[in-house]
1. Which of the lysines could a cross-linker span from residue 152 if the Cα-Cα distance has to be under 21 Å and same-chain partners fewer than 8 positions apart are dropped?
2. Can I get the semi-axes of segment 131-213's equivalent ellipsoid? Compute them from the C-alpha gyration tensor as square roots of 5 times the eigenvalues, in angstrom, largest first.
3. Rounded to the nearest percent, how much of the accessible area of segment 1-154 (1.4 Å probe, protein heavy atoms only) is carbon and sulfur?
4. If the label point is 7 Å along Cα→Cβ of residue 119, which residues in segment 55-91 have backbone nitrogen under 20 Å from it?
5. FRET efficiency for residue 196 and residue 127, Cβ-Cβ distance as r, R0 = 41 Å, nearest 0.05?
6. Based on the mean of other beta carbon atoms within 10 Å per residue, what is the order of 95-102, 29-36, most packed first?
7. Could you compute Rg(Cα) / (2.2 N^0.38 Å) for segment 7-151, with N its residue count?
8. Mind checking which lysines have their C-alpha under 16 Å from residue 217, skipping anything on the same chain fewer than 8 residues away?
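The values are calculated or read from the model by the stated rules, or taken from the named source; none is laboratory data. All values reported here derive from a predicted model rather than from experimental measurement. Neighbour counts are summed over all protein chains in view; Cβ atoms, including those assigned to glycine, are modelled from backbone coordinates with ideal geometry. Heads up: the accessible areas ignore ligands, DNA and RNA and are worked out on the full protein's heavy atoms, side chains in. Shrake-Rupley method; radii C 1.70, N 1.55, O 1.52, S 1.80 Å.
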Amino acid sequence: MAATRVQTKGSVKASGITFLVIGILAIIVAGIILGLNAGYMIKGECENLQDYITGGKPFPTGEYVNLDVRSVLGNYAETKHTTNGIPTGTDQYFVIWLDDDSFMSLKVKDKDDVELLNKISDETWTNDDWYSNSTFKATGKLKESIGNSEIKGFYQDFFDEFCEYMGISYSDLTSQFNVREYELDCTDSKSSLWAAVAVLGILGLIFALLGIFTIKKAASMSDTPDMSYSNSGYTPVDTSVPYNPVDTSVPYNPEEAAPEQKISFSSFSDPNANAGYSDPNAGYSDPNANAGYSDPNAGYYDPNNQNY
């Protein structure tokens, strides 16, 4: 028997408020993303990092910048992304060499970008001036730190191996070069930012409208919950009829409970009696009777039975 769930006015209102809060929060997050990156997302505005490098100014961390990359030491790490076990992309990390004799991490994910950076890395190591003939035009957000602790470990391991290859110590390297822990993240493109804003905005609007509708529904409900059952075949008990339990103090007597019923045949009559019924075989005679029939074995003598 399926019963309809009873919804009280308070529970419906609480659900509506929850939907409304979720929707508002999603819209606020979408607004924050758009507000912080409006210049880059709408106008494509970003800082030229080369101006900060040559000018010796502090790097504009947290801002979108562009940079022409011509010197790459190598690829030091990668992270693979999956959704429900399905691969969705791979981030590749490179060490780039800047014109102020400093090193920094660069993060990309597009296959073409990875191939170009690997080519630049090969040319960096083969050319005498440590510059490639190719250029990668990087555009992304300049972050003050590198990924997570694992990526930072790979970053440090790369320089340890680099120092070993060059035959110098890490302290010798840092005395001449600045190993920055900044990261130029080129994976947050305009399209990905707009997609995030759109998804959050649409979901937020849906939840907000659902919350408003649910709250209005609660306002129109009665304060007394409807306890009826719909389409369940349930018939409520009529409580107006007093309940009369069986008196179990009286012993059960089957003869009294169900007295024997006797059938009298005194008045029974045959419906065919004296009804003019005649036997269709009346007067029938056996054609073989007294017709001179003789036993073919008559007069047979059995030699083994003298009394036959």
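1. Qualifying lysines at Cα under 21 Å: 80, 107, 109, 141, 143.
2. 43, 16, 9
3. On the way: 4440 of 8720 Å².
The value for segment 1-154 is 51 percent carbon and sulfur by accessible area.
4. Residues passing the 20 Å test: 67-76.
5. The calculated FRET efficiency here is 0.55.
6. Output ranking for 95-102, 29-36: 95-102, 29-36.
7. Numbers: Rg = 21.2 Å, N = 145, 2.2 N^0.38 = 14.6 Å.
Relative to the rule-of-thumb radius for its length, segment 7-151 sits at 1.46.
8. Partners found: 9, 13.
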